[in-house]
Amino acid sequence: MKIFRNIFLGVGIICLQACNSKESLKNVSKPSVSNTSIERVEPPNWFIDFKDTSLQLLVKEENIGKSIPSISYKGVSIKKVNTAKSKNYLFLDLIIEKGTLPGKFDIVFTAINGTRKTHTYELKSRVKPAEEYIGFDSSDVIYLITPDRFANADESNDMGAIKSKEDETAESVYFLKETNINRADNYARHGGDIKGITKYLEYINEMGFTAIWSCPLLTNDMPKQSYHGYAITDLYEIDPRFGTLADYKELADEGRKKGIKLIMDQVANHCGSEHWWMKDLPFKDWVNFQENFETKGALITSNHRRTTNQDIYASKADKKGMADGWFVATMPDLNQRNPFMAKYIIQNSIWWIETIGLSGIRQDTYPYADKEFMSVWAGSIMKEYPNFSIVGEEWSYNPLLIGYWQQGANNKDGYESNLKSTMDFSMQQNIVAAFNEEESWDKGLVKIYESLANDFQYASPKDIMVFPDNHDMSRVYTQFNGDIVKTKMALSMHLTLPRIPQIYYGTEILMNDFKKPGDHGLIRTDFPGGFKDDAVNAFTGEGLNTAQKSMQSYLKKLLNYRKNSKAIHEGKTIHFAPFEGTYFLFRVLEDEVVLNIINKNEAPITIDLKRFAEMGLKGKTLRNIITDESFTWENDIQLNKKGVILLTTKK
């Protein structure tokens, strides 16, 4: 009995110790917290289990600079405390050890006089493994949206109003500088919001788009023209006139259910001049030409000579003028050479990827930022998310410059961008020229033929983004002077090339800027049906004219075919030199062949098919993707009118 009593006693002690250990672990992971906050700590929260175990917190609070911070949370330690030029900042370098549990903890700031301030910080679990953040690729077609002009599904947020969290019945507070809605003014806000995009996800899905890129949705508290979103004044806040963080998460979640990816438009190069930190800059070099700004001197804007990034003869003055000058006078140029700024931008991007579950980032004005930093920025993201996608905006018509920025480019200066995708402004320009120019030896369709021949320069042509237009250039229908046939031919090329296509909202209904070509406010016209009392509704087709319905139907059929076409996604590309005003481009993968026939002839023409014998189509039946008509490949093909014919061997 004594033996058994000792055994039971021993087991009881072990159980008690185990229970105490579990309780201790529980207490470590969930310590008591004050649930208090100071003016600003960014990132506002973080996540466990990143490959990079470092985290740098920007702390903003009056006279916080001389305080001593402390943290008591298992797995989290303060590696270094960095003071700033401004007494109202601290930058805390933390280490989050592998295996650290999610939870909340207080950061305690003790002043010289012994007074203490606390801020409750949270480490969250990651929603899914990093490998499951799948980026966009050549199987996708991206729908670009200017959110203020797409659809207004929540009129209560039009003025950027917020209600008291403590008293929901209290009067709303209007705190932004531009709160007027005026749809008659192309440069005022019109009221479109995130819920407007979510509301019409089914339309976007049925059209055949597989990804959405929205122009920036972050707070843009500028006194005028804030609608476009590119002068951001808070990098961690959704603009209240667009909605809330919860709205953005809902858009991502609902889109994901339909197989629609979400791409975030980010700006690492600059911010808006009304950004909160411009009133109290932490360091003397937080933005470029900061002294001029602080002394109210002349603001130095960029010379926009983007070639200085590659030019082996470029002067130091030109390089500095390009990289350090402000994009415009209302957009301060961020100094990414400041290590705290660099870390801030990298962490901001990662925070949005993880918080929203993004599939990609479109980085604005890519060549304007410090190019060494941009390599580190992209590399840091791709290290954490190996299957993610980033596209950078390089507005150049020179394929050499476009190719320079793509990951894997064989650059003589050894530069590696870590950037998966760049933008093909060269192809966009050449497609317009191909259909607007009269045919000759060096004009017309040869522009596409020779432009595609430049693909040898690109590390990965199929990962480059191509587009008929975007939010910064005339609508494609305008570029073709209202010619729907040319517009359809151009769109067919964009959607069958070995590229990632992007289509601007409204292209499917021939939106245009005829009244004032190139005017940004007009280019970004309201999408009909997205706003209360619209007489025309493009979502339902009500009120659209015959031409608009034709284009919408055409694009819908082509997009939905492309969605499931492996030949277009990843097939071999074979094209034949333009001949008698025609151009034949083939995409081939195994038994699927897709053929794009472009014909610029007004009169009927017969083309001998022996020229294309190497394609092995003799005797095969092909289907017209748009009309469903059948065509048997024999000796010749009769092209009866100007336009495009899209054929496939796929039944």
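The values are calculated or read from the model by the stated rules, or taken from the named source; none is laboratory data. This structure is a prediction, so every number in the text was calculated from the model and none was measured. When we count neighbours, we look across all protein chains shown, and the Cβ atoms used for this are built from the backbone with ideal geometry, even at glycine. With ligands, DNA and RNA removed, areas are computed over all heavy atoms of the protein, side chains included. Shrake-Rupley method; radii C 1.70, N 1.55, O 1.52, S 1.80 Å.
Taking the longest Cα principal axis of the chain as reference, the axis of helix 484-496 is set at about 60 degrees. When the residues Lys195, Lys447 are ordered by accessible surface, computed with a 1.4 Å probe over the protein chains alone, the sequence from largest down reads Lys195, Lys447.
Ignoring lysines fewer than eight residues from Lys74 along the same chain, the ones with Cα atoms less than 20 angstrom from its Cα are Lys22, Lys26, Lys30, Lys51, Lys98, Lys104, Lys124. Figure note: Leu558, Leu400 ranked by solvent-accessible area, largest first, 1.4 Å probe, ligands and nucleic acids not counted: Leu400, Leu558. Relative protection proxy for 494-504, 588-598, from highest mean packing down: 494-504, 588-598 (other beta-carbon atoms within 10 angstrom).
The label-point distance for Lys258 and Val485, in a model that sets each label 7 Å from Cα toward Cβ, rounds to 3.5 nm.
Taking a straight Cα-Cα cut-off under 16 Å and skipping sequence neighbours fewer than 8 places away in the same chain, the lysines within cross-link reach of Lys600 are Lys443, Lys447, Lys486, Lys488, Lys641, Lys642. For Thr295, the accessible area of its heavy atoms, probed at 1.4 Å with every protein chain present, is near 100 square angstrom. Normalised per residue, the accessible area of the range 309-466 is 36 Å², obtained with a 1.4 Å probe and no contribution from ligands, DNA or RNA. Charge tally for Leu201 (other residues, Cβ to Cβ under 11 Å; Lys, Arg +1; Asp, Glu -1): 0.
Quote to one decimal, in nm, the extra length available between Ile68 and Lys319 on full extension: 0.36 nm per residue of separation minus the C-alpha distance between them.
Here the segment from Ile68 to Lys319 would lengthen by 86.3 nm.
A value for log10 I(q)/I(0) by the Debye sum over Cα atoms at q = 0.06, 0.08, 0.12 Å⁻¹ was derived from the coordinates, and within the list (1) -0.39, -0.66, -1.33; (2) -0.37, -0.62, -1.15; (3) -0.75, -0.82, -1.19 it appears as (1).
Taking the longest Cα principal axis of the chain as reference, the axis of helix 2-29 is set at about 60 degrees. Straightening the chain between Glu39 and Lys279 buys 85.0 nm, computed as 0.36 nm per residue apart minus the Cα-Cα spacing. Between Asn411 and Asn113, the FRET efficiency estimated from the beta carbon spacing at R0 = 56 angstrom works out to 0.50.
Only one residue of Pro498, Ile64, Tyr449 has its Cα farthest out toward the positive end of the dipole of the chain, where Lys and Arg carry +1 and Asp and Glu -1 on Cβ, and that residue is Ile64.
For the chain, the antiparallel share of DSSP beta bridges with both residues in that region comes to about 70%. What does a probe at Ala329 reach in the range 280-307, counting residues whose amide N is under 12 Å from the point 7 Å along Cα→Cβ? Once the point is set 7 Å along Cα→Cβ of Ala329, 297-301 turn out to lie under 12 Å by backbone N, inside the range 280-307.
The helix-only estimate of mean residue ellipticity at 222 nm for the chain, built from DSSP H runs of length n ≥ 4 each weighted as -39500 (n - 2.57), is -8000 deg cm²/dmol after division by the residue total. For Leu522, the shell of other residues with beta-carbons less than 15 Å away shows a net charge of -1, using +1 for Lys and Arg and -1 for Asp and Glu. Counting only alpha carbon atoms, the long axis of helix 339-356 and the longest principal axis of the chain meet at about 70°.
Summarising the label geometry, the points placed 7 Å from Cα in the beta-carbon direction at Lys177 and Asn624 lie 5.6 nm from one another.
Look at where the Cα atoms of the range 434-492 and of the range 311-379 average out, and the two centres are 29 Å apart. Label positions at Asn635 and Lys443, each projected 7 Å from the Cα along the C-beta direction, are separated by 3.6 nm. Overall, the accessible surface of the chain at a probe of 1.4 angstrom is composed of carbon and sulfur to the extent of 52 percent.
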